[in-house]
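One structure below.
The values are calculated or read from the model by the stated rules, or taken from the named source; none is laboratory data. The model shown is predicted, which means the values in this text are computed figures rather than measured ones. A quick note on method: Cβ atoms are made from the backbone with ideal geometry, for glycine too, and the neighbour counts reach across all protein chains shown. These area figures cover heavy atoms from the full protein model, side chains too; ligands, DNA and RNA do not enter into them. Shrake-Rupley method; radii C 1.70, N 1.55, O 1.52, S 1.80 Å.
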Amino acid sequence: MKCDDVDTALSEDLRLPLQAQEHVKSCTRCRQLVSALNMPGVLDTPSSATLHNIAEGIGTNLSSVRPIAPARYFLIAFIGIFVSIAAFGVYYIGAFAIAVMTPLQTAVILGALAASTGLLAYSLVRQMVPGSLHRIPPRMLPVSIAILLAIAIAILFQFQHERDFWENGWTCIRAGTPFGVLAAVPIWLLLRRGMLLAPSVIGAATGLFAGLVGTSVLEIHCPNVNAWHILVSHLGVAILCTLAGLMSGLTIEMVGKRSVHRSS
């Protein structure tokens with residue numbers, strides 16, 4: 001191609017910036033590239049038949065989807081699940097801790113659990129809709145909540161030596177974990193209505209959200225106010241559920257990657 005032809009390609013077909021045009025004029029390899037791109041057929045528009053075949057191929061597996069409900073409905077549903085199952089748990093096993101805790105301890109620990117629940121519910125709703133903005137990164141939220149709750153417990157309650165520590169702890173873990181598992185079922189059914197792009201992150205948040213149901217029930221039920229007991233047994237229920245949710249999410253991601261590799 002002659003220089004005039006290259007100049008025409010630069011100014012019309014390829015629409016390069018002025019600096020790029022000056023470079024191409026002085027570079028042999030780039031002039032050859034421009035010449036190749038300006039050959040007839042390279043930049044031609046596909047025929048209508050080709051476009052029709054592409055459209056048919058794309059539309060073969062397309063199906064209508066149900067629009068996702070407004071975020072506030074899911075937020076109310078998550079909070080409703082938490083409150084209803086926690087209330088059922090307290091009613092089922094009794095509320096004995098309120099009588100032995102001070103008003104300050106009761107208000108702060110229950111307020112911290114309520115705030116943690118609200119943050120997790122808000123994050124889960126956001127994660128159901130791809131592209132949503134997050135004020136707190138979803139990967140950091142479960143870890144941050146667990147650390148802050150542990151700090152609150154360490155400040156509010158005294159660390160004491162306790163006989164039969166592990167036996168008493170195991171009793172509370174067995175009492176609180178079933179309520180976390182019970183809460184996980186309706187929570188998962190709600191999450192399935194959204195588009196879950198990060199199963200491991202959502203799994204950890206879901207596990208902590210469900211586990212805090214069991215922790216809240218134990219905080220109202222168990223009269224043992226030893227800080228070691230609360231950290232290991234009460235908060236431990238939430239940590240165990242978080243790990244279970246994280247492992248479930250990682251398993252889903254691994255299975256998805258394997259299926260993609262097989263299909264390709």
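Across the range 168-180, computed HN-Hα scalar couplings (Karplus, 6.51 cos²θ - 1.76 cosθ + 1.60, θ = phi - 60°) run 5, x, 5, 4, 6, 4, 5, 7, x, 4, x, 6, x Hz from first to last residue, x flagging Gly and Pro. Peptides 103-113, 212-222, 231-241, 80-90, ordered by how many other C-beta atoms sit within 10 Å of their residues on average, highest first, read 212-222, 231-241, 80-90, 103-113. Computed FRET efficiency, Cβ-Cβ of residue 148 and residue 257, R0 35 Å: what is it to the nearest 0.05? For residue 148 and residue 257, the calculated efficiency is 0.55. Rolling a 1.4 Å probe over the protein heavy atoms gives the range 120-264 an accessible area of 54 Å² per residue.
Taking the accessible area of the range 197-264, probe 1.4 Å, and keeping the other protein chains in place, the carbon and sulfur fraction comes to 73%. Applying the Karplus relation 6.51 cos²θ - 1.76 cosθ + 1.60 with θ = phi - 60° to the range 94-103 yields 3J(HN,Hα) values of x, 10, 10, 7, 4, 6, 9, 8, 6, x Hz, where x marks Gly and Pro. Using a simple spin-label model with pseudo-atoms 7 Å out from Cα toward Cβ, residue 243 and residue 166 lie 1.5 nm apart. Over the range 96-220, the ratio between the Cα radius of gyration and 2.2 N^0.38 Å evaluates to 1.17. Evaluate the range 183-264: find the radius of gyration of its Cα atoms, find its Kirkwood radius, and give the ratio Rg to Rh. Rounded to two decimals, Rg/Rh equals 1.15. Three principal axis extents of the range 198-244 based on alpha-carbon atoms, in descending order, are 38, 17, 10 Å. On the beta carbon distance between residue 30 and residue 189, with R0 = 45 Å, the FRET formula returns roughly 0.20. Along the range 78-92 the Karplus relation, 6.51 cos²θ - 1.76 cosθ + 1.60 evaluated at θ = phi - 60°, assigns HN-Hα couplings of 4, 5, x, 4, 4, 5, 5, 6, 5, 5, 4, x, 5, 5, 6 Hz to successive residues, with x for each Gly and Pro. Peptides 190-196, 203-209, 130-136 ordered by packing proxy, namely the average of other Cβ atoms within 10 Å per residue, highest first: 203-209, 190-196, 130-136.
Peptides 117-127, 143-153 ordered by packing proxy, namely the average of other Cβ atoms within 10 Å per residue, highest first: 117-127, 143-153. Note on residue 69 and residue 98: the model spin-label points, each 7 Å out from Cα along the C-beta direction, lie 3.0 nm apart.
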